[in-house]
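Heads up: the structure comes next, in structure tokens.
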Protein chains: 2
Amino acid sequence: MTSHAVAAQSLTPAAIQAAYGLIKPHVHRTPLLTCQTLDTIASTPQSPEALVGTPFEGQTPAHPQFRLFFKCENLQRIGAFKVRGAFHALLRLLEERGEDEVKQRGVITHSSGNHAQALALAASTLHVPAYIVMPRISTSSKIAGTRSYGAEVIFSGSTSVEREAVVAEVQEKTNAILVPPYDHFNIICGQGTTALELEAQYAERVESKTLDAVITPVGGGGLNAGVATYFSDKPQTRVFGAEPSFEGADDCRRGLQAGQRVEAVTTLTIADGLRTPVGLLNWEVISNKEKVEGVFAVSEEQIKAAMRLVLERMKVVVEPSAVVGLAVCLFDEDFRRRVEQDGGEKGWDVAVVFSGGNTTVEAIGKLFG
Amino acid sequence: MTSHAVAAQSLTPAAIQAAYGLIKPHVHRTPLLTCQTLDTIASTPQSPEALVGTPFEGQTPAHPQFRLFFKCENLQRIGAFKVRGAFHALLRLLEERGEDEVKQRGVITHSSGNHAQALALAASTLHVPAYIVMPRISTSSKIAGTRSYGAEVIFSGSTSVEREAVVAEVQEKTNAILVPPYDHFNIICGQGTTALELEAQYAERVESKTLDAVITPVGGGGLNAGVATYFSDKPQTRVFGAEPSFEGADDCRRGLQAGQRVEAVTTLTIADGLRTPVGLLNWEVISNKEKVEGVFAVSEEQIKAAMRLVLERMKVVVEPSAVVGLAVCLFDEDFRRRVEQDGGEKGWDVAVVFSGGNTTVEAIGKLFG
């Protein structure tokens, strides 16, 4: 058994509960929203024309019934679920190594996006120095956001080799402790608290029924693995993953088909939070059929269509990565057939995790201008 | 005394309460949101450079303290507060003229925007035929939206003379009853229910303090007049209005300065819901200093800056018209000085009404692309 397989065995619902106890004072209990219009659209069969040019061309469109529940981590602190993992990892570090050591050494990570801001916020809140290695080409708002939490930003090239070299350099000088963005036990447990909250919020709303499914984006896989861990002893609630398909960004889906993790991905999908391959520990969870039933992939156009619906109809701002789960519900005929066949007339109650909302009006303009 | 002055006397808080009793089953109790980031920005003095080229150039920037409470009518049904007035007006019509007459004649209005969809929804809900006269140049999503509620759309030219001619034509054929968009007792009472809700929501949140002020957009003036009516017996809560200044769109502010209502406006401000002059009955309310303390105007750039902050920081979608009140809080030095001087260190708790969220990703792209 590999060390990752061993670590995966400790990923239990109880570990998520424990993480929640620690991070609760530091994170928002983000709302679980519904939207009649989106339910109606998702519960209407696609037109046969809409399937032309997709893998489902020529099929009779499925007719599933959806009631969608959107877990709005786009309204989370720093605009993404990543604060959950960052606070959890840092609180555990302080517990395990003691305040003196952690505050003296500081923490370091490399990220161009939401994890950078999340760790910067957690570190400033807990009075720990933070060093964030960001690619020189990061958008200025993300750099400014990270700095505004008091973190020291150090620039690097864009490839993971270049980033890691700069991390090693800074670590040599500072002895800072690495907090990885997704492939880490404490990060996964933190992200999994999303599931705990949404299950409780669903139960407050809908009595005498169990949630049928949860679908989350899969980038590095921390969120999906955390959510799957939380629901691993509740087989009535199936967990699914969603990825972009552009330029092979669907590494997890392809890995599952091949029975082997895909180790590297080079994609410029608009879902920029999902350009990374699934981490090793996350793969242990996600490739376990009893934990994650399936991973689906959607096209750039489908991501844009889902994003448009959320902005224009729900009136909430999401980043492209956030809506891949919704895009699966709306457009993937395999998934829709599954819901039709299993859910029947009652349909499925599906929680869709909106992972983040960090975009800009210029970026929206570029996508749709 | 003019007939409008007489009608204005019947605009009382009790009339708003009565309206709420009628429309409550048909409207959302939209959330009252807060945003720490926006509070911080609003409570930070502008830089002297930011005042260059504005009427406040050379002044020492004010240092007010704001706690902002956003009444999110962008999350209302059809995406705007307009459903409140439309349902109220139609329910009163049914009460006063009887179901038979109203269902036989139907209702008619002219609007290129939110009132059209609001009346269409109210009419389809209450099983009354609706005829909506829309300018031929209306955006296709608004036309489709109006039709999707079952209303019959009739096209006209864009000027008010052209629109009214088409209304008269359709009325001759159908005998449909006109439901005006803003300058009408029952419309004002409906819009005023926004104030009743936000006051209750504020009280649930903040104990042992009274709301210091409410600021709403002023286009035709129905929303502002309704809100001012509701707070007219609560002098501790001041009511303010906000307008765009572009191409004279600040007709209400200019009218107040001149002591006379401005009757016509021709402006293409990006705040397209605020291109109309204030109605006669609304003017009676808004020009009463005891009801509305002042109306402020903001530039197109200030509207865009406020809109960007709401989309990027609060992650909710608003249309340009919705944020003129926030723009006043952020940028108008006269208003900010007032809050500084009156509120002192405690500052002011200000409710900002976001009037609507009906925009498209393309429109956002055009504004910021």
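Of note:
- Residue match in the stretch A:279-294 (condition: over 30 Å from residue A:185 (Cβ atoms) and either touching a residue at least 40 places away in the same chain (Cβ under 8 Å) or surrounded by fewer than 24 Cβ atoms within 10 Å (Cβ to Cβ) (or both)): no
- Leading residue by the ranking (farthest from residue B:314 (Cα to Cα)) among those in the stretch A:315-369 that are of a type in the set (Gly, Ala, Ser) and surrounded by fewer than 24 Cβ atoms within 10 Å (Cβ to Cβ): A:344
- Yes/no for residue A:117 being within 14 Å of chain B (Cβ to nearest Cβ), in contact (Cβ under 8 Å) with a residue 24 or more places away in the chain and open to solvent by 10 Å² or more (accessible area, probe 1.4 Å): yes
- Candidate set: the stretch B:42-88, residues that are within 14 Å of chain A (Cβ to nearest Cβ) and small (Gly, Ala, Ser); chosen: the one farthest from residue B:224 (Cα to Cα): B:79
- For the stretch A:99-122, the tally of residues that are farther than 23 Å from residue A:363 by Cα and either in the same structural domain as residue A:357 (by TED's automatic domain parsing) or in contact with a Pro (Cβ under 7 Å, 6 or more places away or on another chain) (or both) stands at 2.
- All positions within the stretch A:56-91 that are open to solvent by 30 Å² or more (accessible area, probe 1.4 Å) and in contact with an Asp or Glu (Cβ under 8 Å, 6 or more places away or on another chain): A:59, A:63, A:65, A:67
Here is a yes/no grid of residues against (1) within 11 Å of chain A (Cβ to nearest Cβ); (2) over 19 Å from residue B:198 (Cβ atoms); (3) out of contact with any strand residue (DSSP E or B) (no Cβ under 8 Å at 6 or more places or on another chain):
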residue	(1), (2), (3)
B:292	no, no, no
B:296	no, yes, no
B:303	no, yes, no
B:316	yes, no, no
B:321	no, no, no
B:325	no, no, no
B:340	no, yes, yes
B:351	no, no, no
B:366	yes, yes, yes
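- Residue within the stretch B:92-110 that is among the hydrophobic types (A, V, I, L, M, F, W, C) and open to solvent by 10 Å² or more (accessible area, probe 1.4 Å) present: yes
- In the stretch A:9-27, residue nearest to residue A:230 (Cα to Cα) [restricted to those that are hydrophobic (A, V, I, L, M, F, W, C) and open to solvent by less than 60 Å² (accessible area, probe 1.4 Å)]: A:16
- Checking each residue in the stretch B:8-44 for being among the hydroxyl-bearing types (Ser, Thr, Tyr), farther than 22 Å from residue B:94 by Cβ, part of a loop (DSSP other than H, G, I, E, B) and in contact with a helix residue (DSSP H, G or I) (Cβ under 9 Å, 6 or more places away or on another chain) picks out B:12, B:30, B:34.
- Single unsatisfied condition, residue A:127 versus (1) at pLDDT 90 or above; (2) surrounded by 15 or more Cβ atoms within 10 Å (Cβ to Cβ); (3) more than 14 Å from chain B (Cβ to nearest Cβ): (2)
- Residue list for the stretch A:232-275, filter: touching a residue at least 60 places away in the same chain (Cβ under 8 Å), more than 20 Å from residue A:334 (Cβ to Cβ) and open to solvent by less than 50 Å² (accessible area, probe 1.4 Å): A:232, A:270, A:273
- Selection within the stretch B:278-310 - polar (S, T, N, Q), more than 16 Å from residue B:335 (Cα to Cα) and over 16 Å from the mean Cα position of the chain (by Cα): B:287, B:288
- All positions within the stretch A:167-181 that are under 26 Å from the mean Cα position of the chain (by Cα) and of a type in the set (Val, Ile, Thr): A:167, A:177, A:179
- Subset of the stretch B:355-364 (residues that are more than 8 Å from chain A (Cβ to nearest Cβ) and aliphatic (A, V, I, L, M)): B:363
- Flag for residue B:347 being more than 14 Å from chain A (Cβ to nearest Cβ) and at positive phi: yes
- Matching residues, the stretch B:1-32, being in contact with a Phe, Trp or Tyr (Cβ under 8 Å, 6 or more places away or on another chain), among the hydrophobic types (A, V, I, L, M, F, W, C) and at pLDDT below 95: B:7
- Inclusion of residue B:60 among residues that are of a type in the set (Val, Ile, Thr) and either under 20 Å from residue B:190 (Cα atoms) or in contact (Cβ under 8 Å) with a residue 60 or more places away in the chain (or both) is not warranted.
- Residue within the stretch A:172-179 that is in contact with a Leu (Cβ under 9 Å, 6 or more places away or on another chain) and of a type in the set (S, T, N, Q) present: no
- Every residue from the stretch A:132-150 that is open to solvent by less than 40 Å² (accessible area, probe 1.4 Å) and either of a type outside the set (A, V, I, L, M, F, W, C) or in contact with a Pro (Cβ under 8 Å, 6 or more places away or on another chain) (or both): A:135, A:138, A:142, A:145, A:146
- Within the set A:50, A:62, A:80, the sole residue that is among the small types (Gly, Ala, Ser), at pLDDT 95 or above and more than 22 Å from residue A:201 (Cβ to Cβ) turns out to be A:62.
The values are calculated or read from the model by the stated rules, or taken from the named source; none is laboratory data. These numbers come from a predicted model, not from an experiment. A quick note on method: Cβ atoms are made from the backbone with ideal geometry, for glycine too, and the neighbour counts reach across all protein chains shown. These area figures cover heavy atoms from the full protein model, side chains too; ligands, DNA and RNA do not enter into them. Shrake-Rupley method; radii C 1.70, N 1.55, O 1.52, S 1.80 Å.
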